[in-house]
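These notes are about the structure you will find just below.
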Amino acid sequence: MQKTSFWKAGHTPTLLSSFFYFDLSFMVWVILGPLAVQISADVGLTPAQKGLVVATPLLAGALLRMVMGVLVDALQPKKAGVIGQIIVMAGLVWAWLGDLHSYHALLAFGIILGVAGAAFAVALPLASRWYPPEHQGMALGIAGAGNSGTALAALFAPTLAIHFGWQNVFGLCLIPLSVAFVVYLVFAKDAPNAPPAKSLVAYLQVLKDKDAWWFMFFYSVTFGGFSGLASSLTIYFNGQYGLSPVTAGYFTAACVFAGSMVRPIGGRLADRIGGIRTLSLMYMLAAIFLLIASIGLPSPIMAALVFVLAMLSLGTGNGAVFQLVPQRFRKEIGVMTGLVGMAGGIGGFYLASSLGYSKQLTGTYQAGLILFAALAIVALIGLSTVKKRWRTTWGSAAMTNAKI
């Protein structure tokens, strides 16, 4: 069977507008991480409180991804995305003009930012439904490269906070978000072959399938590691090496940019050699680099290099997971994106909060990094136990053109 070229197989305007929407949503989703050093100095947060403030949007985003996944299939992805963007922009207006100078106000704002993290459950199905199985890795890799928005936050937020004040950064975020909203309204289109809406009970039926739980666990490690580090590395470089918030933000941006830009490469690699093989290698590499980082390297340059390598592994793994998910759950891709994305956000919440508690209880970040490296090893073992069954059932050549 002859394959159609990628750029002729789907709808490029929808793919690119999905990326743009996802990119800027992720920028504001993790915005508290790059600003945490300056916010903490102003509000007076303990290391544990600081870790929980930057982790709260990750947990809220995780839980709201399930809600958004249901909305995607009930209302279609485009309409669900419009609703989400309006809520996020309204929340930024409140944060910009209101009083955030308390720990509990920051936690409340973090919950609102979770809606931006839920964009994952909109952008990926919006793009995925336009593309055939053999191009799912590439399509979802491009749409999912919106993870790079986390690099934008780390790159610009600390500097803007110095010049305009950290609270005014939330108002400045409204400018690019408004542009993305207009682009989304004009260019994004729902695929004509979308599955019909189901009841909430029908969605929950997918949880009876053990493969759904495996994918949730696998993504909780790859995306959890990526998002948790994206939210925490500015705090890490400031606390571990005494870098200024701006310099720590630059170091974080380099690490996050590496992890987000390789997501399409991870999807493409999975299309070529199989998602299982790609993901297995990435878990092994991520565990190695996180363990190396945990020893507390002597210079920030060395630490940044190791974290870049860890993020490259995790980002490639993100692309590989979402090369596999549409093959197994094509008809349930909306709710599965929500479920798997939810698990990824929970993994990020765990990592970001555990690093804060590790610092407060032990004086270092070592325990938090070691425990997450151990999770990557457990995921590698889990993947090795299911790969034979996957390759001989839904991933067999008789069932799909894609490499599993």
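How many residues does the stretch 104-147 contain that are closer than 30 Å to Val246 by Cα and open to solvent by less than 10 Å² (accessible area, probe 1.4 Å)? If you could, list the steps in order and put the result at the bottom.
Looking only at the stretch 104-147, we keep the residues that are closer than 30 Å to Val246 by Cα, and these are 104-120, 141-147.
So of that shortlist, the ones also open to solvent by less than 10 Å² (accessible area, probe 1.4 Å) come out as 106, 109-110, 113-114, 116-120, 141, 143-147.
Result for the stretch 104-147: 16.
In the stretch 230-252 there is no residue that is assigned to a helix (DSSP H, G or I), within 12 Å of the chain's Cα centre (by Cα) and under 23 Å from Gly382 (Cβ atoms). Filter the stretch 29-55 for residues that are surrounded by fewer than 24 Cβ atoms within 10 Å (Cβ to Cβ) and under 19 Å from the mean Cα position of the chain (by Cα) and give the result. Passing the criteria: only Leu52.
Just to be sure before I move on: is Gln76 of a type in the set (S, T, N, Q) and over 18 Å from the mean Cα position of the chain (by Cα) in the structure I sent? Here the answer is yes, as Gln76 does meet what is asked.
For Lys331, the conditions (1) under 28 Å from Val67 (Cβ atoms); (2) touching a helix residue (DSSP H, G or I) at 6+ places or on another chain (Cβ under 9 Å) are fulfilled apart from (2).
With the structure loaded, tell me whether Gly84 is open to solvent by less than 10 Å² (accessible area, probe 1.4 Å), in a helix (DSSP H, G or I) and at pLDDT below 95 or whether it fails that test. No; evaluated as a whole, the condition is false for this residue.
Looking at the stretch 233-247, can you tell me whether even one residue there is surrounded by 18 or more Cβ atoms within 10 Å (Cβ to Cβ), touching a Cys at 6+ places or on another chain (Cβ under 9 Å) and either acidic (Asp, Glu) or touching a residue at least 60 places away in the same chain (Cβ under 8 Å) (or both)? The answer is yes, given that some residue of the stretch 233-247 is surrounded by 18 or more Cβ atoms within 10 Å (Cβ to Cβ), touching a Cys at 6+ places or on another chain (Cβ under 9 Å) and either acidic (Asp, Glu) or touching a residue at least 60 places away in the same chain (Cβ under 8 Å) (or both). Taking the stretch 56-81 as the range and being in a helix (DSSP H, G or I), open to solvent by 30 Å² or more (accessible area, probe 1.4 Å) and in contact with an Asp or Glu (Cβ under 7 Å, 6 or more places away or on another chain) as the test, only Lys78 passes.
Each row is one residue, and each column tells you yes or no for (1) in contact (Cβ under 8 Å) with a residue 24 or more places away in the chain; (2) farther than 26 Å from Arg65 by Cα; (3) of a type in the set (Gly, Ala, Ser); (4) open to solvent by 40 Å² or more (accessible area, probe 1.4 Å).
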position: Ile162; (1), (2), (3), (4): yes, yes, no, yes
position: Leu177; (1), (2), (3), (4): yes, no, no, no
position: Tyr184; (1), (2), (3), (4): yes, no, no, no
position: Lys208; (1), (2), (3), (4): no, no, no, yes
position: Phe215; (1), (2), (3), (4): yes, no, no, no
position: Leu229; (1), (2), (3), (4): yes, no, no, no
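For the stretch 112-227, the helices (runs of 4 or more DSSP H) that sit wholly inside it and include 1 or more residues that are at negative phi and within 14 Å of the chain's Cα centre (by Cα) are 120-128, 136-144, 149-164. Listed by first and then second residue, the pairs with beta-carbon distance under 8 Å, at least 6 apart or on different chains, first residue in the stretch 86-111 and over 25 Å from Val179 (Cβ atoms), second among the aliphatic types (A, V, I, L, M) and open to solvent by 30 Å² or more (accessible area, probe 1.4 Å), are His101/Val43; Ser102/Val43; Tyr103/Val43; Leu106/Val43; Leu107/Leu52. Do we have any residue at all in the stretch 309-322 that's open to solvent by less than 30 Å² (accessible area, probe 1.4 Å), over 16 Å from Gly224 (Cβ atoms), out of contact with any Pro (no Cβ under 7 Å at 6 or more places or on another chain) and part of a helix (DSSP H, G or I)? Checking the stretch 309-322: not a single residue is open to solvent by less than 30 Å² (accessible area, probe 1.4 Å), over 16 Å from Gly224 (Cβ atoms), out of contact with any Pro (no Cβ under 7 Å at 6 or more places or on another chain) and part of a helix (DSSP H, G or I).
I'd like the full set of residues that are over 17 Å from Tyr219 (Cα atoms) and either among the charged types (D, E, K, R) or open to solvent by less than 20 Å² (accessible area, probe 1.4 Å) (or both), limited to the stretch 257-289. Matches in the stretch 257-289: Ala258, Arg268, Asp271, Arg272.
Taking Gly91, is it modelled with pLDDT of 85 or more, of a type outside the set (Lys, Arg), out of contact with any Asp or Glu (no Cβ under 6 Å at 6 or more places or on another chain) and assigned to a helix (DSSP H, G or I)?
Working: modelled with pLDDT of 85 or more: yes; of a type outside the set (Lys, Arg): yes; out of contact with any Asp or Glu (no Cβ under 6 Å at 6 or more places or on another chain): yes; assigned to a helix (DSSP H, G or I): yes.
It is true that Gly91 is modelled with pLDDT of 85 or more, of a type outside the set (Lys, Arg), out of contact with any Asp or Glu (no Cβ under 6 Å at 6 or more places or on another chain) and assigned to a helix (DSSP H, G or I).
The values are calculated or read from the model by the stated rules, or taken from the named source; none is laboratory data. Just so it is clear, the structure is predicted and the values come from calculations on it, not from any experiment. Methodologically, a virtual Cβ is constructed for each residue, glycine included, from the backbone with ideal geometry; neighbour enumeration extends over all protein chains shown. Accessible surface areas use protein heavy atoms only, side chains included; no ligands, DNA or RNA. Shrake-Rupley method; radii C 1.70, N 1.55, O 1.52, S 1.80 Å.
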